[in-house]
Amino acid sequence: MTGARPPSAARGVGDAEADEATASAILTIDLDALLANYRRLAGLSAPAECAAVVKADAYGLGVAAVAPALARAGCKTFFVATLGEASDLRVLLPDATVYVLGGLLEGTAPFYRQHGLRPVLNSPEEIKEWAVFSVASRTRLPAAIHIDSGMNRLGLSAAEVETIAVADDLFGTFELALVMSHLACADEPEHPKSEVQRQTFEALRRKLPKTIASLANSAGILLGRPYHYDLVRPGIALYGGKARRTGQNPFAPVLRLAGRILQVRDVATGETVGYGATRTVRRPSRIAILAVGYADGVFRALSAGDDKEGMRVYLGSHPAPIVGRVSMDLITVDVTGIPEHLARRGAWVELIGPNVAAHELAAHAGTIDYEVLTNLGARAARRYIGG
Ligand SMILES: *Cc1c(COP(=O)(O)O)cnc(C)c1O
């Protein structure tokens, strides 16, 4: 991943005031809230170690700011998806333990060794390659093994665990630093699959040499003590996302997205708004045009034609529904009746914030907050507060 950038250097706009003056959209990331969520997760999981999943540029929030903040709060172990993300992280955190969930791509073992990174070995082929490389390096290089406990995504099947468990001298060649698995349905606390997976993991990990065990993502942590093992791997909850599908979100919101009003116009009854003329105005209306669109991560699925009520954005405490199609750089919202000092050229409008949680925006777009977060910030100016 090459997209990681320091808080504002890449933009040539150094400080928050300058951002306010020149930006069309601002993504504000509250590092104090991030750290509060980390401490909360660590408290829920203790005595297990609380690691952090910072893949996909820390879920779009910016790994260059997020990872060092977490490290200062005591986080020692980090998970990323790809080797590119891992090498970016290694530059930021020279001493952290870094695992790559995507595992060992053929021929990349020397790169892992050179940068002190650890693969999560997902198959017997990967394990063999790591073992052979460790022998050639005359070092018991550390790695994790991922057991598939019923998700049928990455990891070793039960039969494969049995086979490697009895392989001659395999575990003398490299250091088995972690055994992990991943839950498919932890976001639904009543789902019976979590307990089935936990029991499968429990049985299979016992066949391997004793080491640190890890099963829980954010939602898994909320399932309670039996799921915590020695190390937990939260991602979305750190970033204020909704780990559990139902109930209140116990974690503090970390990000806000605001867009600027470029223009406000009167639209007469019977006129249409935006591409495709999908929305016909039913009363004399004031329409504000905001400088955010799907290129900023405000999904086109948030479009609101005549058949669909639009998600509400906020001008101060005043809700204004999206009307018409979301386009690449613009959305249109109905600000009829909203005071003019709020609905004016240059004013800021909240798309995600105290009134609209990321998971609510996600629900309107037919997706989850994970996808919203990882799509934000490609273009918006980022502003970090706290930390
Ligand atoms: C992404 C990921 C996590 C973090 O999951 P959240 O639901 O964001 O907490 C943990 N473990 C694995 C294997 C992952 O891929």
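The values are calculated or read from the model by the stated rules, or taken from the named source; none is laboratory data. All figures in this text were calculated on a predicted structure; none of them were measured in a lab. All Cβ positions, even for glycine, are placed from backbone atoms using ideal geometry, and neighbour counts span all protein chains on display. Accessible surface is based on the protein model in full, side chains and every heavy atom, while ligands, DNA and RNA are left aside. Shrake-Rupley method; radii C 1.70, N 1.55, O 1.52, S 1.80 Å.
Here are some notes:
- Relative contact order (%) - criterion: Cα under 8 Å, at least six apart; region: the chain: 19
- Relative contact order (%) - criterion: Cα under 8 Å, at least six apart; region: region 49-115: 31
- Each label was represented as a point 7 Å from its Cα along the Cα-to-Cβ direction; for Q248 and D168 these points are 6.1 nm apart.
- Debye, to nearest 20: dipole size of region 31-239, +1 on Lys, Arg Cβ, -1 on Asp, Glu Cβ: 540
- In degrees, nearest ten, helix 31-45 long axis to first principal axis of the chain (Cα): 40
- Seen through its C-alpha gyration tensor, with square-root eigenvalues sorted a ≥ b ≥ c, region 31-239 comes out oblate because a/c lies at 1.5 or above while a/b is not bigger than b/c.
- Potential lengthening of the chain between A46 and R344 amounts to 102.3 nm, from the contour at 0.36 nm per residue minus the alpha-carbon distance.
- For the chain, accessible area per residue (1.4 Å probe, heavy atoms of protein chains only), Å²: 44
- In region 31-239, Cα pairs under 8 Å separated by at least six residues give a relative contact order of 21 percent.
- Once the mean of 1/r is taken over each pair of separate Cα atoms and inverted, the chain shows a Kirkwood hydrodynamic radius of 22.6 Å.
- Extension gain, K128 back to E195 (0.36 nm per residue minus Cα-Cα distance, nm): 21.1 nm
- Rounded to 10°, Cα long-axis angle of helix 63-72 versus longest principal axis of the chain: 60
- Reported to the nearest whole Å, the Cα centre-to-centre distance from region 52-127 to region 128-192 is 17.
- Placing +1 on each Lys and Arg Cβ and -1 on each Asp and Glu Cβ, with no other charges, gives the chain a dipole about its Cα centre of roughly 460 debye.
- Spin-label model distance (nm) - K207 vs A295, 7 Å beyond Cα toward Cβ: 5.3
- When D369, D230, D266, D88 are compared by accessible area of protein heavy atoms, the largest-first order is D266, D230, D88, D369, using a 1.4 Å probe.
- Length gained on full extension, A277 to A136: 44.2 nm, using 0.36 nm per residue less the C-alpha separation.
- Rounded to the nearest 10 Å², the accessible area of K193 at probe 1.4 Å: 70
- Accessible area of the chain belonging to carbon and sulfur atoms, whole % at 1.4 Å probe: 52
- In loop segments of region 264-327 as defined by DSSP, the trypsin sites (Lys or Arg not before Pro) with at most 12 further C-beta atoms inside 10 Å of their C-beta are R282.
- Just checking the listed ones, H341, H359, H115: in the Gaussian network model of the chain with Cα springs under 10 Å, the one fluctuating most is H341.
- Taking label positions 7 Å along the Cα-Cβ direction at both I385 and D306, the computed distance is 4.2 nm, reported to one decimal.
- Helical mean residue ellipticity (222 nm; -39500 (n - 2.57) per DSSP H run of 4+; nearest 500) of the chain: -8000 deg cm²/dmol
- Counting DSSP beta bridges with both ends in the chain, the antiparallel % (nearest 5): 50
- Ranked order, M151, M311 - accessible area, probe 1.4 Å, largest first: M151, M311
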